[in-house]
């Protein structure tokens with residue numbers, strides 16, 4: 001079970017980093033989402049999930065699960081939701097202003113198109 005969780009976290013991180021390095025904003029947003037899923041899974045897996053225990057126990061010497069990792073995962077979900085919403089609005093605004101969804105704002109211009117414009121303006 002530990003191997004499956006470890007591989008899942010690794011695949012999510014690898015996919016997130018790959019998508020973050022793409023030139024389009026939608027891929028970047030998906031990469032951030034995958035990284036947040038990986039962080040949530042890592043935090044949840046660190047709690048040593050136990051079955052058959054009461055969620056809240058008022059009896060002494062009765063084992064109960066640790067609520068801290070669950071609280072951390074819930075907080076991480078809320079933060080990642082807010083971050084994703086902000087990045088989506090930011091990318092939509094950049095697309096509306098620039099007319100392109102490239103991360104650098106350059107669009108699909110050839111490499112030498114900027115030098116031709118500079119030569120026409122100077123002469």
*Could you calculate the contour length gain from residue 44 to residue 86, that is, 0.36 nm times the residue separation minus the distance between their Cα atoms, to one decimal place in nm?*
12.6 nm
*Using r as the Cβ-Cβ distance of residue 97 and residue 21, and R0 as 30 Å, what FRET efficiency do you calculate, to the nearest 0.05?*
0.80
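None of the figures in this text is laboratory data; all of them are computed from the coordinates on show. All values derive from a computational prediction rather than experimental measurement. We place every Cβ from the backbone using ideal geometry, glycine too, and count neighbours over all the protein chains shown.
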